[in-house]
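See structure below.
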Amino acid sequence: MKVLAETSAEPARSEARPAAKMPLLQVSHATKVFDVSPPWLTRVLGRAPRALLHAVEDVSFCIRRGETLGLVGESGCGKSTVARLIVGLYRLTSGSITYDGVDIATLASGRGDRTLRRKLQMIFQDPYASLNPRWRVADIVAEPIRAQRLARGRHAVAARIGELLTQVGLAPADGQKYPHQFSGGQRQRISIARALASEAEFLVCDEPTSALDVSVQAQVLNLMRELQQRLGLTYLFISHNLAVVHHVADRVGVMYLGRIVELADKRTLFAHPRHPYTRMLLDAIPDIAMSGKARTPVAGEVPNPLSPPSGCAFHPRCPFANDRCRTEIPALRADAQAEDALVACHAVEEDRIPQK
Amino acid sequence: MNRPLLEVRHLRIEFPTRRGVLVAVDEVSFTIGPGEVLGVVGESGAGKSLTGAAIIGLLEPPGRIAAGEILLDGERIDRLPHEAMRRIRGRRIGAIFQDPLASLDPLFSIGQQLVETIRTHLPLSEGEARKRAVDLLQEVGIPAAARRTGHYPHQFSGGMRQRVVIALALAANPQLIIADEPTTALDVSIQAQIITLLKRLCRDHGTAVMLVTHDMGVIAETADRVAVMYAGRIVETGPVADVINAPKHPYTVGLMGSIPSIVADRDRLVQIDGSMPRLNAIPPGCPFHPRCPRVFDRCLHERPDLMDAGSSRAACWLYDKVPA
Amino acid sequence: MNARLVAALRLSWDSDVAYSFRHSPYAIVAAIVFVLFVGSAVFAPWVAPHNPFDLSQLDLSNSLKPPMWLPGGDPSFPLGTDDQGRDILSTILFGARISLAVGIASVLFSMVLGVALGLIAGYVGGSIDAFIMRVADVQLSFPAILIALLVDGLARALLPRSHESLAFYVLVLSIGVSGWVQYARTVRGTTLVEKNKEYVQAARLFGIHPLAIMARHVLPNVLGPVLVIATIHIATAIITEATLSFLGVGVPPTQPSLGTLIRIGNDFLFSGEWWVTLFPGIALVVMVLAINLLGDWLRDALNPRLRT
């Protein structure tokens, strides 16, 4: 909370800041509620109640310039909603998100700062749906350049496209082809080139490699890391695959049913997972090294987000749950043993979990 | 040596298209012993699912088995008429697919579906079949199984549905189960549950499994032996520990290196440049040669067969004992 | 430039749609028939043996001649003549011209209206979507012919004097208005799917204006099904026009369409001069059938699920 207060007081000027330490993106108490009620007439006639889906609930985190924050969780945990909130595809129900000190609420309303909009870009999951099948690759990559007049004149635009395609490991001549002529990995490269075309600084990557084969995934992950080092990009990397997040991230947040349950430095989180859900996720990773360690797959499945359990949402699956867990929602607070690890768990707070 | 339960010899699957015949699977041979779990791993388009579909006789037209033979318990099953194949499917070979919803009929309760499958293949009365259905559901870990037999597929969560599909596959006590990406559509925590379940059931029932997946982790946890496929061919096969810890074929080496791990901290992943060739552009010689870091002359012209490479077998000229 | 054109032509000849066309005898025959109809309709003044509307060419002594192969037939009137002595073949050619013109024009009208409304409903959503689609539902609960009659009647009441000269446009409008719903529904459905595709979201992130996204991203990707509907709809529109003209509210008898010809000929059916109505009828059926076959083929050819 202390960090929060400091940043909001700070004037919004990126040049004056020391590059590494200040948060570039600050998400504070972000909440997104979707109204998934049946249509009005059905509600009135069928006496169906209003249905509200709390996709993201009181989520706070920050990302420093040049770092990668990984966000993991299972389907329906709200990680993709967080991604879309940040880039402005969804509007916050409450809370705030600031990028470089500027409130991104101006993005969603469509007015907003054009510079801000182009600095925040997104890489999508499905390499087949993220490129318009009827456009040539050159036109796809040129779209942000033309929309924001980042280069003028046909030759300047063409030169920039060639440069971008080369940067992601494609040939400038590939611009004349259509998306279906490329494999999934190459399409994801095109997506990255398109995001870079708008001179993005911050990339929200929503499961960018989960539709790809492992060997191709490695290519894309390597490329993303190269680009980060070369261009000083900042990533929010969303994935359900813990091993991938371990590879790319500096810090990792774990989400469960709309909330962050643990947020810590990567090494801390993977070496000493605190939250029982994080432990379970780590336990569930298939063991390639076949060290033969015993696995205890946790029973149960993610509950319906329309009617989440009371108290801590994880309590029905948690071996350490007690009455307090069933009634009181745990807050995300610093762990007693490690300052840089935030955990939302009563059992951790009360030190009820036996160490492994 | 015991006779293998399943034997696939020189299997070739073709797709005639208007631009010529595409060879999706070529010269694939392997065996599965009774109770053995064979993992078939490869990237999308490697032909692993097609091989599975060919074995259970569910190859989608215009795909066809163009050459080779498939033997179950020493008896050819690739030329059987539809009716005979249908009896084998379910009774002697069970199937589990990636999408549990696709294997379940939304219009019937899971109890009805189980009872029907059981009675099609086993000489049981309605009551006995019903009892067996409940037992099966209990065995795959569905709570309150007796009550849930009346429920329809949409009333189950994804993980529970896949359990029902496993129960259906096991209904007639088959000797072999073809599991095609059984955990791919599931969440990480559910994946672990399903793998554990599949492993335990197959051990208890002595069922052999052909586990088709792109996930090396699943293979490592489950399989006894593994076959790595690339561009429609098997490039390496051997005991799972050897293939994973000491891969021989350069493709397998690259594949293993490209998997991110939570144990090692690496700046870069090993990367195999390029991508798997499309079926209409499989290069001559070794199909992997354009991407291979250890390519030499012979690879460009001559196609390697599987040859001994330590405890594994690899289709790579690096392991040729008699140089050309 | 020329080389590029050749390359483009070669590409389209090699495309899946062209391939499926070359391998579908129905489609080829239907296309030939359709092209023949369109060609002879467009060039009717030059192709037709007579100009049936040139009063100076009419000779009442030629009235009600049977087709040339029957006794009393005259080779200069291959399909016989009507009571005014007009050549049936020529009236069919001129009639098809009007039928096709009304059909194509009204389909274009429905298509533009329906696609625009469907795009807006699907992309904008909310109450605008609800309003457009409820209007569509209400309109769909009336038969198309009733809507067309209503619009036609309204036009007659509002423009009593100039109606004759505006008849063509009124007909196009009334048939066009009655047909937009199908386009709007289809386009709305496809738009809802496309809108949530990631490439549309990406375009939103670049700050592209919603109208530009609709026009440049969504529209090209929803046009496939629209093309299929439009083709089949031309046949429906021609039939609707024929029905209206048969009922006497279509184009005036001075500019007879196939429907008008059938109505006029109908009076002679029982007096034995069957050719006056039969040949325009056959022409109508063959033309509509050809268009429908083309539409069916197009639907299959554009459906990726049916492609092997």
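Summary table below
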{"read-out": "Heavy-atom accessible area per residue - chain B, 1.4 Å, Å²", "value": "43"}
{"read-out": "Accessible surface of the protein assembly as shown, 1.4 Å probe, proportion on carbon and sulfur as whole %", "value": "59"}
{"read-out": "Cβ-Cβ FRET estimate between C:Leu108 and A:Tyr128, R0 fixed at 35 Å, reported to 0.05", "value": "0.55"}
{"read-out": "Area accessible to solvent at A:Ser75, 1.4 Å probe radius, in Å²", "value": "70"}
{"read-out": "The range B:103-216: relative contact order as a whole-number percent, Cα under 8 Å and 6+ apart", "value": "27"}
{"read-out": "Chain B: angle of helix B:110-121 to the longest principal axis, Cα-based, in degrees nearest 10", "value": "80"}
{"read-out": "Local electrostatic count, B:Leu124, Cβ distance below 10 Å [Lys/Arg +1, Asp/Glu -1]", "value": "+2"}
{"read-out": "Label-zone membership for the range A:306-340, site A:His29, 7 angstrom Cα→C-beta point, backbone N under 17 Å", "value": "A:329-333"}
{"read-out": "Cβ-defined net charge surrounding A:Gln337, 12 Å radius [Lys, Arg +1; Asp, Glu -1]", "value": "-4"}
{"read-out": "Helix-only mean residue ellipticity at 222 nm for chain A, each DSSP H run of n ≥ 4 adding -39500 (n - 2.57), per residue, nearest 500", "value": "-9500 deg cm²/dmol"}
{"read-out": "Drop in accessible area of at least 20 Å² in the complex versus isolated chain, residues of the range C:205-247, 1.4 Å probe", "value": "C:Leu205, C:Phe206, C:Gly207, C:Ile208, C:Arg216, C:His217, C:Pro220, C:Asn221"}
{"read-out": "Vicinal HN-Hα couplings computed from phi for the range A:90-103 (Karplus, 6.51 cos²θ - 1.76 cosθ + 1.60; Hz; Gly/Pro x)", "value": "10, 9, 5, 7, 7, x, 8, 10, 10, 10, 6, x, 9, 5"}
{"read-out": "Between the range C:29-60 and the range B:166-221, the Cα center-to-center distance that results, in Å", "value": "72"}
{"read-out": "Å² of accessible area per residue within the range C:237-290, as computed with a 1.4 Å probe and no ligands counted", "value": "40"}
{"read-out": "Buried area at the B-A interface (accessible, heavy atoms, 1.4 Å probe, summed, Å²)", "value": "3500"}
{"read-out": "Amide H partners (placed H, <5 Å) of B:Val40, local residues excluded", "value": "B:Leu211, B:Val212, B:Thr213, B:Ala227"}
{"read-out": "Size of the A/C contact, given as accessible area buried on both chains, probe 1.4 Å, in Å²", "value": "1800"}
{"read-out": "Long-range amide H partners of A:Leu71 with built H, under 5 Å", "value": "A:Phe237, A:Ile238, A:Ser239, A:Gly253"}
{"read-out": "Alpha-carbon centroid distance for the pair the range B:1-64 / the range C:168-215, whole angstrom", "value": "45"}
{"read-out": "Estimated FRET transfer efficiency when R0 is 60 angstrom, pair B:Val21-A:Arg152 (beta carbons, to 0.05)", "value": "0.75"}
{"read-out": "Cα gyration tensor category, rounded, prolate or oblate, for the range B:118-201 with a/c compared to 1.5", "value": "oblate"}
{"read-out": "Solvent-accessible area per residue, Å², over chain A with all protein chains present [probe radius 1.4 Å]", "value": "43"}
{"read-out": "In Hz, Karplus ³J(HN,Hα) per residue of the range B:182-195 (6.51, -1.76, 1.60; θ = phi - 60°; x = Gly, Pro)", "value": "x, 10, 5, 7, 9, 5, 3, 5, 6, 3, 4, 4, 5, 4"}
{"read-out": "Area of B:Arg12 that stays accessible when all protein chains are in place (1.4 Å probe, Å², to 10)", "value": "70"}
{"read-out": "Long-range amide H partners of C:Thr81 with built H, under 5 Å", "value": "C:Leu64, C:Lys65, C:Ile88"}
{"read-out": "Mean separation of Cα contacts under 8 Å (6+ apart) over length of chain A, as relative contact order %", "value": "18"}
{"read-out": "Helix runs (DSSP H) in chain C reaching 30 Å along axis by Cα, Kyte-Doolittle at least -0.5", "value": "C:88-124, C:163-195, C:219-247, C:275-302"}
{"read-out": "Cut-off 13 Å between beta-carbons: net charge of the residues surrounding A:Ser183, Lys and Arg +1, Asp and Glu -1", "value": "+1"}
{"read-out": "Nearest-0.05 FRET efficiency for C:Leu159 and C:Leu36, computed from C-beta distance (R0 56 Å)", "value": "0.95"}
{"read-out": "Burial of 30 Å² or greater, the range A:217-263 residues [accessible area, probe 1.4 Å, versus chain by itself]", "value": "A:Ala218, A:Gln219, A:Asn222, A:Arg225, A:His240, A:Ala243, A:His246, A:His247"}
{"read-out": "Cα gyration tensor shape of the range A:68-184, rounded if a/c is under 1.5, else prolate or oblate by comparing a/b with b/c", "value": "oblate"}
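The values are calculated or read from the model by the stated rules, or taken from the named source; none is laboratory data. In this text, all values refer to a predicted model and were calculated from it rather than measured experimentally. Positions of Cβ are generated from backbone atoms using ideal geometry, with glycine treated the same way; all protein chains shown enter the neighbour counts. Side chains are part of the model used for accessible areas, which takes the heavy atoms of the whole protein and leaves out ligands, DNA and RNA. Shrake-Rupley method; radii C 1.70, N 1.55, O 1.52, S 1.80 Å.
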